[in-house]
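Asks: My questions will all concern the structure given below.
The values are calculated or read from the model by the stated rules, or taken from the named source; none is laboratory data. Model, not experiment: these values are computed from the prediction. Here Cβ is always computed from backbone atoms with ideal geometry, including for glycine, and neighbour counts include all displayed protein chains.
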Amino acid sequence: MRTITYAQGIKEALEEEMRRDPTVVLYGEDVAHFGGIFRITSGLQEEFGEERVFDTPISENAFVGAAVGAAITGLRPVVELQFADFLFTTGDEIILKAGMWRYVHGGAYKVPMVVRCPSGAAGVGPEHGQCPEAFFMHSPGLRIVSPATPADAKGLLKSAIRDDNPVLYFEHKLLYATKGEIPDDPDYLVPLGKAAIRQEGDALTLVAISAMVPKAMKVAERLAKEGHNIEVIDPRSLNPFDRPAIIESVKKTGKIVVAEESYKTLGVGAEIGAMLMEEALEYLDRPLRRVAMPDVPIPTAAALEQFVLPNEEKIYQACRELLN
Amino acid sequence: MDKKLKLDIYKKIVLSRRLEERIAELIKAGQVGGFMHPGVGQEALQVAAIATLRSDDYMLYAHRGVAYWVARGIPIQSVLCDLSGREGGTNRGKGGVMHVVSPELGVLGESGTLGGCFPIAAGAGMSIKVKHEDKVVLCFFGDGTSNRGTFHESLNFCAVRKLPVVFLCENNGWAVSVPTEQSTSVKDIADRRHGYGVPGKTFDGNDVEQVYDAVSEAVAHARAGNGPSLLEGKTYRLWGHWIGDPDTYRTREEVEKHWRRDPLPAYELKLMEEKVLTDAARAEIDKDARAQIDRAIAFMEKQPFMKGETALEDLYA
């Protein structure tokens, strides 16, 4: 085992998969010469050359759509969007092309591509700070992953690159510097669609997504000291979504809180709530609680941002309310 | 262009025209549903352009008609099954006649949202370049679609990366009900090449030889690794935007004027003058086209409709 950062996990996944498979290409704004604005891809152009790692013009429609064209003709493109918010400039390319090209042609093509989407509020305001996973959970044909640890950052990205479907890979900006252990196995893969039980417990189920996971772990520690052993589930992958992991946990705990950085309305928690209504209502002895962004754009000033962002205290209070 | 090629192009134009006439009859009689945008009047441009391709090249077609598929050799019975939602089509009931596909013939598809084709074409070009192949991508689009942002982004992207893509505009003068001069800042779409530093030209899209020569030149340019081109063939949509379009936005005089420039009889006359085609051969080709269509319709009618539950298949690999 080694200790690496989340950012290193992403970079190692890219390096290893590019060495393993010559059809993997990597491109986006500022990724090649400069190494990406978050410095994830530095040195990759030197190793893999200008054809496989290159900078693009500011043309998200062209270069995200080009990933679809490349994928259906034999490449495995990995596209870096500078910010996850830029997905909204590429609605047609992501939703109608990447998500549907295979379906609309009756399965004639595979669309193996990954779009790396740096997500999360970090003092950068409404157009550079969103966690927009839920918007794309509504779109058929896409795979969606949101790793929370360095090991998952690496293992899920490697799986995403090897997957034959389009994958939106959400990497949270505030997790880049976090550290964690990772096995040395070069084929260390984390399967899409498998949740991680971060901590076992039977008092309450706390589902946490992406940067909410470390906050949830702190809440679990705090509650343990108060005599409540809660279960923390990190779905890791939002499509496919590991429904059984959540349902099994709720059967045990009867209580659930969902913590996410998406907007509350029709967010991930809303989907989990609806799923539980349909499939596990009899096991719930308290109503579901969601800790999410209120439905306002993410403001820039620190005081305002902190006011709307889900945090440890808000998650703790939601849990406490159900445990009382 | 040798005699064999000229006759091949002629036969495909005839087959396309006869097929669309039959499809229109079927739709009007309520025998098939279908969301069909006819290409009558634009077949010369489509067929002659596709004739310049090698069998391993890629193409993305546009909304107008069946000639792209006929030209590339997709069986017309499959097209009819796609149109009617039956088994035996190319897309298993998912895309209808708007998304006929053939990976083995390099027919990548089309974007139902206009302009979605350009980035896909760029990506196929990227693939060719990364794999050091000498294939090319031919991307058809309409004059109206040249106003999408994707057109401008993709031309620039392909030019910067020198990708082997030939962008071919079928300028038929109308974007549904809006004439080109009301929507577009230039008279000739190919003039937009100057904004991207790529070669190209405007030509008569109803003249088979002009089309063939211009597209051949652009294909050779791309194949040699010199990057994209922007071509424009002037043509005209002789029928409505869709089968059933009341077509109230054009004057009958205008449409009549363009029927006199219909590329099918024009090419026929030219080939007769060149002694490539005789009256007897012309009658034979027409009869053969009708017989192929009869057989294809008979095949289609015997095919079962796609089952509803197949709607849940083919989403993920």
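Asks: Among (1) surrounded by 15 or more Cβ atoms within 10 Å (Cβ to Cβ); (2) in contact with a strand residue (DSSP E or B) (Cβ under 7 Å, 6 or more places away or on another chain); (3) among the acidic types (Asp, Glu), there is one condition A:Asp295 misses while meeting the rest; what is its number?
Replies: Looking at each condition in turn, A:Asp295 falls short on (1).
Asks: Select from the stretch B:141-159 the residues that are in contact with a helix residue (DSSP H, G or I) (Cβ under 7 Å, 6 or more places away or on another chain) and more than 7 Å from chain A (Cβ to nearest Cβ) and list them in ascending order.
Replies: Quick first cut of the stretch B:141-159, residues in contact with a helix residue (DSSP H, G or I) (Cβ under 7 Å, 6 or more places away or on another chain) only: B:141, B:143-147, B:149-151, B:153-154, B:157-158.
Those that are in contact with a helix residue (DSSP H, G or I) (Cβ under 7 Å, 6 or more places away or on another chain) and more than 7 Å from chain A (Cβ to nearest Cβ): B:Phe141, B:Asp143, B:Gly144, B:Thr145, B:Ser146, B:Asn147, B:Phe151, B:Cys158.
Asks: Sticking with this structure for a sec: Across the stretch B:1-35, what is the total count of residues that are part of a loop (DSSP other than H, G, I, E, B) and under 23 Å from B:Arg261 (Cα atoms)?
Replies: Qualifying residue count, the stretch B:1-35: 1.
Asks: Checking the structure you have, find out if any residue of the stretch A:208-215 is surrounded by fewer than 14 Cβ atoms within 10 Å (Cβ to Cβ) and in contact (Cβ under 8 Å) with a residue 24 or more places away in the chain.
Replies: Scanning the stretch A:208-215 turns up no residue that is surrounded by fewer than 14 Cβ atoms within 10 Å (Cβ to Cβ) and in contact (Cβ under 8 Å) with a residue 24 or more places away in the chain.
Asks: Which residue, of B:Thr145, B:Thr180, is in contact with an Asp or Glu (Cβ under 7 Å, 6 or more places away or on another chain) and among the hydroxyl-bearing types (Ser, Thr, Tyr)?
Replies: When all the criteria are applied, what remains is B:Thr180.
Asks: Kindly indicate which of B:Val186, B:Val198 is in a loop (DSSP other than H, G, I, E, B), in contact with a strand residue (DSSP E or B) (Cβ under 7 Å, 6 or more places away or on another chain) and either modelled with pLDDT under 95 or farther than 17 Å from B:Arg54 by Cα (or both).
Replies: Selected residue: B:Val198, the only one of B:Val186, B:Val198 that is in a loop (DSSP other than H, G, I, E, B), in contact with a strand residue (DSSP E or B) (Cβ under 7 Å, 6 or more places away or on another chain) and either modelled with pLDDT under 95 or farther than 17 Å from B:Arg54 by Cα (or both).
Asks: Something else about it: Do you know which of the residues in the stretch A:298-321 that are aliphatic (A, V, I, L, M) and in a loop (DSSP other than H, G, I, E, B) is surrounded by the fewest Cβ atoms within 10 Å (Cβ to Cβ)?
Replies: Quick first cut of the stretch A:298-321, residues aliphatic (A, V, I, L, M) only: A:298, A:301-304, A:308-309, A:315, A:318.
Add one more test, that the residue is in a loop (DSSP other than H, G, I, E, B), and what stays is A:298, A:301, A:309.
On the way: A:Ile298: 24, A:Ala301: 10, A:Leu309: 18.
Per the stated criteria, the residue is A:Ala301.
Asks: Something else about it: Within the stretch A:9-117, which helices (runs of 4 or more DSSP H) (wholly inside it) include 1 or more residues that are more than 7 Å from every other protein chain (Cβ to nearest Cβ) and closer than 19 Å to A:Pro132 by Cα?
Replies: A:60-71
Asks: Turning to a different aspect of this structure: For the list (1) surrounded by 24 or more Cβ atoms within 10 Å (Cβ to Cβ); (2) farther than 29 Å from B:Arg237 by Cβ, I need the number of the one condition that B:Cys117 fails.
Replies: (2)
Asks: Are any residues in the stretch B:122-157 of a type outside the set (Gly, Ala, Ser) and farther than 20 Å from A:Gly74 by Cβ, and if so, which ones?
Replies: B:Phe140, B:Phe141, B:Asp143, B:Thr145, B:Asn147, B:Arg148, B:Thr150, B:Phe151, B:His152, B:Glu153, B:Leu155, B:Asn156
Asks: Go through (1) in contact (Cβ under 8 Å) with a residue 24 or more places away in the chain; (2) at the interface with chain A (Cβ under 9 Å from one of its Cβ atoms); (3) of a type in the set (Ser, Thr, Tyr); (4) assigned to a loop (DSSP other than H, G, I, E, B) and name the single condition B:Thr90 misses.
Replies: (1)
Asks: Restricting the stretch B:120-137 to residues that are more than 7 Å from chain A (Cβ to nearest Cβ) and part of a loop (DSSP other than H, G, I, E, B), which is surrounded by the most Cβ atoms within 10 Å (Cβ to Cβ)?
Replies: Filtering the stretch B:120-137 for residues that are more than 7 Å from chain A (Cβ to nearest Cβ) and part of a loop (DSSP other than H, G, I, E, B), the one surrounded by the most Cβ atoms within 10 Å (Cβ to Cβ) comes out as B:Val136.
Asks: Another one. Quick one: which residue in A:Asp163, A:Asp202, A:Asp185, A:Asp152 is farther than 24 Å from A:Val25 by Cβ and touching a residue at least 24 places away in the same chain (Cβ under 8 Å)? Write out each step before concluding.
Replies: Working: A:Asp163 fails: farther than 24 Å from A:Val25 by Cβ; A:Asp185 fails: touching a residue at least 24 places away in the same chain (Cβ under 8 Å); A:Asp152 fails: farther than 24 Å from A:Val25 by Cβ.
Criteria check complete, one pass: A:Asp202.
Asks: For the subset of the stretch B:138-183 comprising residues that are surrounded by 19 or more Cβ atoms within 10 Å (Cβ to Cβ) and in a loop (DSSP other than H, G, I, E, B), which member is farthest from the chain's Cα centre (by Cα)?
Replies: B:Leu163
Asks: On to the next question. Can you pull out every residue in the stretch B:93-117 that is hydrophobic (A, V, I, L, M, F, W, C) and either facing chain A (nearest Cβ under 7 Å) or in contact with a Lys or Arg (Cβ under 7 Å, 6 or more places away or on another chain) (or both)? Give the steps one after another, and end with the answer.
Replies: Let us first name the residues in the stretch B:93-117 that are hydrophobic (A, V, I, L, M, F, W, C), namely B:97-98, B:100-101, B:105, B:107-108, B:114, B:117.
Within the stretch B:93-117, B:Val101, B:Leu105, B:Val107, B:Leu108, B:Leu114 qualify.
Asks: Same structure, new question: Name the strands (runs of 3 or more DSSP E) wholly within the stretch A:127-209 that hold at least 1 residues that are in contact with a strand residue (DSSP E or B) (Cβ under 7 Å, 6 or more places away or on another chain) and within 14 Å of another protein chain (Cβ to nearest Cβ)?
Replies: A:143-145, A:167-172
Asks: Here's another thing I want to ask about it. Residues of the stretch B:53-70 being surrounded by 22 or more Cβ atoms within 10 Å (Cβ to Cβ) and within 14 Å of another protein chain (Cβ to nearest Cβ), which ones?
Replies: Result: B:Asp57, B:Tyr58, B:Met59, B:Leu60, B:Tyr61, B:Trp69.
Asks: Further question: Taking B:Gly73 as meeting all but one of (1) away from every other protein chain (no Cβ under 14 Å); (2) buried (at least 20 other Cβ atoms within 10 Å of the Cβ); (3) under 25 Å from B:Asp2 (Cβ atoms), write down the number of the exception.
Replies: It is condition (2) that B:Gly73 fails.
Asks: Going by the structure shown, is B:Thr251 among the hydroxyl-bearing types (Ser, Thr, Tyr), out of contact with any Lys or Arg (no Cβ under 6 Å at 6 or more places or on another chain) and buried (at least 19 other Cβ atoms within 10 Å of the Cβ)?
Replies: So B:Thr251 fails the test.
Asks: Do we find that B:Glu217 is in a helix (DSSP H, G or I) and at pLDDT 95 or above in this structure?
Replies: Criteria met by B:Glu217.
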